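Worksheet for the structure shown next.
The values are calculated or read from the model by the stated rules, or taken from the named source; none is laboratory data. None of the values given here were measured: they were computed from a predicted structure. Virtual Cβ from ideal backbone geometry, glycine too; neighbours counted across all protein chains shown.
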Amino acid sequence: MEKYDVILFDLDGTLTDPKKGIINSIKYALKKLNISNYDPKTLVEFIGPPLDESFEYYFHMDHDQALTAINYYREYFKVKGLFENQIYPGIPELMKRIHDQKRKIYVATSKPTQFAKDILNHFKIADYCVEIVGSNLNLTRVKKADIIEYVLQKIPQCPRERIVMVGDRKYDIIGAKDTKIDSIGVTYGYGNLEEIKHANPTMIAHSVAELSHLLL
């Protein structure tokens, strides 16, 4: 397969498994808001989409209430939740090999940029990235297409057919389509196979090993 010159990686569910930290942060926010009647399985659905959309959808909050919930979420996340996280086995090796081949890696995540940088530095893989791009703390640039387009504007010399977005949720694949680049949907994260297939990515990888095969 022809190599891609630029690879954009999602973070949560693609490079790392953030489940424990995200769920604990949501629980902290809900406790602060005196919300206790909910299905714990719902909280897993927060991994991937913008937080405000998830609070509004799953807990029927208006926008101001969602912003309050996010502020509580961040109180916990920036101190503890950030590091209640695990890197998927094989990811550091994959990123090193791509980097050694002189190909460019960007991280494109809906997580706030500074939090993403802190996580990638914690796992000692930030140096493989040209840039780590996320949302802004004021909840601007949160849609995946906007984040991808922001990255693409930094590399106008690279044809879009030589760029690929790798992610575990439909938002990554839809964002790639909206910005006219290829996508690889991974099923080892938090988007199930049905969700990934329905979004119709360019390719699907069921493991980090399969992803490595597609990229290398």
#### Entry: Hits in the range 24-45 (condition: among the polar types (S, T, N, Q) and surrounded by fewer than 20 Cβ atoms within 10 Å (Cβ to Cβ))
Asn24, Asn34, Ser36, Asn37, Thr42
### Task
Working only within the range 1-29, note down all residues that are in contact (Cβ under 8 Å) with a residue 40 or more places away in the chain, closer than 17 Å to Asn71 by Cα and among the hydrophobic types (A, V, I, L, M, F, W, C).
Ile22, Ile26, Ala29
### Query
Is the range 105-113 home to any residue that is over 15 Å from the mean Cα position of the chain (by Cα) and modelled with pLDDT of 95 or more?
no
### Task
Among what's in the range 136-152 and is at pLDDT 95 or above and out of contact with any helix residue (DSSP H, G or I) (no Cβ under 6 Å at 6 or more places or on another chain), pick the residue that is farthest from Gly48 (Cα to Cα).
Leu152
### Task
Pull up the range 164-202, narrow it to residues that are free of Cβ contacts under 8 Å to residues at least 24 places away in the same chain and closer than 22 Å to Asp146 by Cα, then point me to the one that is surrounded by the most Cβ atoms within 10 Å (Cβ to Cβ).
Gly185
### Query
Hey, which of the strands (runs of 3 or more DSSP E) in the range 128-216, taking only ones fully inside, have at least 2 residues that are β-branched (Val, Ile, Thr) and closer than 18 Å to Met95 by Cβ?
131-135, 163-167, 182-186
### Query
Residues of the range 61-104 being farther than 22 Å from Thr187 by Cα and within 18 Å of the chain's Cα centre (by Cα), which ones?
Ile70, Tyr73, Arg74, Phe77, Lys78, Gly81, Leu82, Phe83, Lys104
### Among the candidates Asp5, Asp10, residue that is touching a helix residue (DSSP H, G or I) at 6+ places or on another chain (Cβ under 8 Å), buried (at least 21 other Cβ atoms within 10 Å of the Cβ) and at pLDDT 95 or above
Asp10
### Query
Of all residues in the range 46-79 being of a type outside the set (Asp, Glu) and within 15 Å of Arg169 (Cβ to Cβ), which is surrounded by the most Cβ atoms within 10 Å (Cβ to Cβ)?
Gly48
### Task
Kindly indicate whether Lys117 is under 27 Å from Thr68 (Cα atoms), within 14 Å of the chain's Cα centre (by Cα), of a type in the set (D, E, K, R) and modelled with pLDDT of 95 or more.
yes
